[in-house]
Amino acid sequence: MDHIAGDSREALGLKRLRERAGLTVRALAHALGLPSSTYASYERYKKDHLPISLVPALRPALIGRGAPQIIETELLALAGLAPRHAVSGGGVPSATPSSSDAALMRRDRRTHALDTRSQIPAHL
């Protein structure tokens, strides 16, 4: 795949995962509850990593889809939470996470828990 000037490797990885899952931009945007233009901007993202907050939203839409099936390590890599080789080079990452991958996944779950708590109304 050609690298488009200005697009980050992670943005291109997101596009590859979406295509591998057999989803259109519009379908994945709908699954995430985003306008298509907002989601499409993530596929043109210019920063080093996609926002961590996007990973929990992508999980149900992508994990387990495609051939080979998309695994969590691939999503974590897009946000810089797993080794870059998990999404680059077209190789298939191991389905068994390494100890460092497991630690990163625990970190992501803690981050997601914090994100969830921040969404609880103050009056509760």
Rounded to one decimal in nm, the spacing of the 7 Å Cα→Cβ label points at residue 30 and residue 48 is 3.7
With x for Gly and Pro, the residue-by-residue ³J(HN,Hα) of the range 44-54, computed from phi through the Karplus equation 6.51 cos²θ - 1.76 cosθ + 1.60 at θ = phi - 60° and given in whole Hz, is 10, 4, 10, 7, 5, 9, 6, x, 4, 5, 7
Low-density loop trypsin sites (Lys or Arg not before Pro), the range 28-88, at most 16 other Cβ within 10 Å, DSSP non-H/G/I/E/B, are 44, 46, 47, 65
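We did not get these values from a lab; they are worked out from the coordinates using the rules stated. Being a predicted model, the structure only gives us computed values, none of them experimental. Glycine gets a Cβ as well: all are built from the backbone with ideal geometry, and neighbour counts include every protein chain shown.
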